[in-house]
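The values are calculated or read from the model by the stated rules, or taken from the named source; none is laboratory data. Quick caveat: nothing in here was measured; it's all calculated off a predicted structure. So basically every Cβ, Gly included, is an ideal-geometry build from the backbone, and we count neighbours across all protein chains shown. We work out accessible area using only protein heavy atoms, side chains counted, and drop any ligands, DNA or RNA first. Shrake-Rupley method; radii C 1.70, N 1.55, O 1.52, S 1.80 Å.
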Amino acid sequence: ILLAKGGALTEAFAEVAPLRTPSDFVKGSAKFSDYRLIYSNTACNGELFRRLSPGATPVVTHFHELDMGYHWLGAKNIAEVMRHTRHFIACAQAVASRLESVFAVPSARISVHYEMIDGGLLAKNPRGNEAAL
């Protein structure tokens, strides 16, 4: 897991996998070519991609942002994300539609993965019995 900066979830991430920082890649102790895929969980990583250059390692970017986010992140950041991303995951159909209309991303390069809990499943199984699901 590459963390651009630490935060409240740093310890939780460290329990899942080894942590890397951008300096690990700048100093050469880690290389993107050692990885088969880069999953970027935000559209904020354009500057990170520019500095570290993932090379031939495919990047999948999970977009949670819409127009206000694009404006806040800036054109240079978004351009780098677009340049390096091979496939996009949109958190909702509205995000997928904006990727297509604003950035001309072909629909074949976008998957939609809803991030909300399915209320219907909760209503059928209010006690959280996994066997009922």
Subject >> Number of the exception - residue 115 against (1) under 28 Å from residue 34 (Cβ atoms); (2) within 14 Å of the chain's Cα centre (by Cα); (3) at pLDDT below 95 >> reply: (1)
Original post:
Counting only residues that are open to solvent by 60 Å² or more (accessible area, probe 1.4 Å) and either among the acidic types (Asp, Glu) or at pLDDT below 90 (or both), how many does region 32-49 have?
Top reply: 4
Original post:
When you go through 84, 113 one by one, which is the residue that is touching a residue at least 12 places away in the same chain (Cβ under 8 Å) and open to solvent by less than 90 Å² (accessible area, probe 1.4 Å)?
Top reply: 84
**OP:** Pick out the one residue from 8, 79, 4, 12 that is more than 16 Å from the chain's Cα centre (by Cα) and either at pLDDT below 90 or open to solvent by less than 70 Å² (accessible area, probe 1.4 Å) (or both).
**Re:** 12
Original post:
Within region 20-31, can you find the residues that are at pLDDT 85 or above and touching a Leu at 6+ places or on another chain (Cβ under 9 Å)?
Top reply: 20, 21, 22, 24
